[in-house]
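Here's the structure, in structure tokens; my notes come after.
The values are calculated or read from the model by the stated rules, or taken from the named source; none is laboratory data. Since this is a predicted model, take the numbers as computed values, not measurements. Here the Cβ is made from the backbone with ideal geometry for all residues, glycine too, and neighbour counts use every protein chain on show. Heads up: the accessible areas ignore ligands, DNA and RNA and are worked out on the full protein's heavy atoms, side chains in. Shrake-Rupley method; radii C 1.70, N 1.55, O 1.52, S 1.80 Å.
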Amino acid sequence: DIIRTIRDPEKPNTLEELEVVTESCVEVQEIGEDEYLVIIRFTPTVPHCSLATLIGLCLRIKLQRCLPFRHKLEIYISEGTHSTEEDINKQINDKERVAAAMENPNLREIVEQCVTEPD
């Protein structure tokens, strides 16, 4: 429910409407007392999607802000669905790269527009 309303960076649709994320792409595992591992596997609309890293960043920021419990978060592109999935997976799961990306005012503004709940 948290990620279904994230909007695509270049289309007026949500990631759920575009089938970039579905309920089956979310996995939650208990890893300790009140601590969970949340794994998201998303599918870009095209294998060379230039915004796949940005979509992964939006997923991470929205979940970090909204999950009501302690968690470890792993976000991946679904295997075989993007031409540079390995590189993108490394980027969106690297805390330092994510923090650096969110320091960029232009990038931060795009992420905010994508993750803000519709009225």
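Could you tell me whether any residue of region 76-84 is assigned to a helix (DSSP H, G or I) and more than 19 Å from E19 (Cα to Cα)?
Scanning region 76-84 turns up no residue that is assigned to a helix (DSSP H, G or I) and more than 19 Å from E19 (Cα to Cα).
All but one of (1) open to solvent by 80 Å² or more (accessible area, probe 1.4 Å); (2) out of contact with any strand residue (DSSP E or B) (no Cβ under 8 Å at 6 or more places or on another chain); (3) more than 22 Å from V26 (Cα to Cα) hold for P68; which doesn't?
It is condition (3) that P68 fails.
Filter region 41-60 for residues that are assigned to a loop (DSSP other than H, G, I, E, B) and under 22 Å from D1 (Cβ atoms); which is most open to solvent (accessible area, probe 1.4 Å)?
Applying the filter and picking the extreme gives T45.
Read through the list (1) in a loop (DSSP other than H, G, I, E, B); (2) at pLDDT 95 or above, then give the number of the only condition that D1 fails.
Among (1) in a loop (DSSP other than H, G, I, E, B); (2) at pLDDT 95 or above, D1 violates only (2).
Considering every residue within region 52-63, establish whether at least one is in contact with a Pro (Cβ under 6 Å, 6 or more places away or on another chain) and closer than 19 Å to A99 by Cα.
Looking for residues that are in contact with a Pro (Cβ under 6 Å, 6 or more places away or on another chain) and closer than 19 Å to A99 by Cα, one finds at least one in region 52-63, hence yes.
Determine which member of the set R41, R60 is among the basic types (K, R), under 27 Å from P118 (Cβ atoms) and out of contact with any Phe, Trp or Tyr (no Cβ under 8 Å at 6 or more places or on another chain).
R60 is the lone residue from the list that is among the basic types (K, R), under 27 Å from P118 (Cβ atoms) and out of contact with any Phe, Trp or Tyr (no Cβ under 8 Å at 6 or more places or on another chain).
Suppose we keep only residues that are among the hydrophobic types (A, V, I, L, M, F, W, C) and under 11 Å from E85 (Cα atoms) within region 43-61. Which one would you say is modelled with the highest pLDDT?
Within region 43-61, the subset among the hydrophobic types (A, V, I, L, M, F, W, C) is 46, 49, 51-52, 54-55, 57-59, 61.
Okay, now just the ones that are also under 11 Å from E85 (Cα atoms), so 49, 52.
Details: C49: 88, A52: 94.
The extreme case among them is A52.
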